[in-house]
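Worksheet: the structure to be examined is printed underneath.
The values are calculated or read from the model by the stated rules, or taken from the named source; none is laboratory data. This structure is a prediction, so every number in the text was calculated from the model and none was measured. The accessibility values were calculated without ligands, DNA or RNA, using every heavy atom of the protein model including side chains. Shrake-Rupley method; radii C 1.70, N 1.55, O 1.52, S 1.80 Å.
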Amino acid sequence: MPLFNLFQGRADTNRKKKHAKNSYLKQSFKKSLGNGVNLKDAVKCPPGEDRDEWIVMNTMEVYNNTTLCWQFVSEVCNEKTCPTMSAGSTFSYLWKDKGKYPKPTNVPAAEYVELLTLWVSEKLDDETIFPTSGKFPREFMPTVENIWKRLVRIYFHIYYHHWNTVSAVKAEAHINTCFKHLYYFSKEFHLVKDDDMAPIGDVQRKIDS
Ligand SMILES: [Zn+2]
């Protein structure tokens with residue numbers, strides 16, 4: 001089974017109904033992987049395709065993959081084990097949204113991930129930001145960048161705090177591949193700034209070990 005189509009999220013389902021092109025792009029992405037093309041090349045926008053549509057498709061894919069990766073560790077992450085959304089002792093993240101937490105607030109990692117996945121799902125379903133026809137609005141790219149910047153934190157948390165659980169269920173290769181997809185795509189389209197990728201060192205060591 002291809003790694004990149006294991007989980008169908010709500011946002012993906014909604015858009016797919018309207019976006020025939022997306023499924024074509026997805027096929028082309030999977031075909032590239034199936035042909036042994038490495039991820040660095042597979043993330044490149046196929047010639048003649050729309051760059052923004054390619055970014056939308058990959059954003060949905062990364063969102064769905066991340067949600068699935070989280071399921072491997074969600075049962076062992078709670079407010080006692082992880083009272084803060086963190087990556088080791090150096091990096092921690094506060095949650096902020098327009099609803100319950102208008103000011104940056106410390107929440108347990110599990111709640112952070114729940115709030116984050118809901119927030120991304122709502123953004124992807126928002127026609128004013130991700131229109132299913134016509135031009136993409138000005139806030140499209142800033143929203144995409146914000147989504148990727150926040151999603152990568154879920155991987156950081158998994159790598160830093162729950163790698164034993166990942167190893168126990170032998171999900172390392174799956175999570176590494178999903179992370180590399182995020183990483184190379186983000187590099188290709190400059191989505192996550194270097195500062196926001198700062199915890200990458202430990203991730204690299206886990207991938208290489
Ligand atoms: Zn945790």
Q) For region 106-154, which whole percent of the accessible surface, found with a 1.4 angstrom probe, sits on carbon and sulfur atoms? A) 48
Q: Return the subset of 123/187; 123/170; 123/149; 103/193; 170/193; 40/206 for which the Cα-Cα distance in this structure is over 25 Å, preserving the input order.
A: 123/170; 170/193
(Q) As a test of the definition: which semi-axes, in Å, follow for region 84-209 when you take the square root of five times each eigenvalue of its alpha carbon gyration tensor? Largest first, please. (A) 26, 18, 13
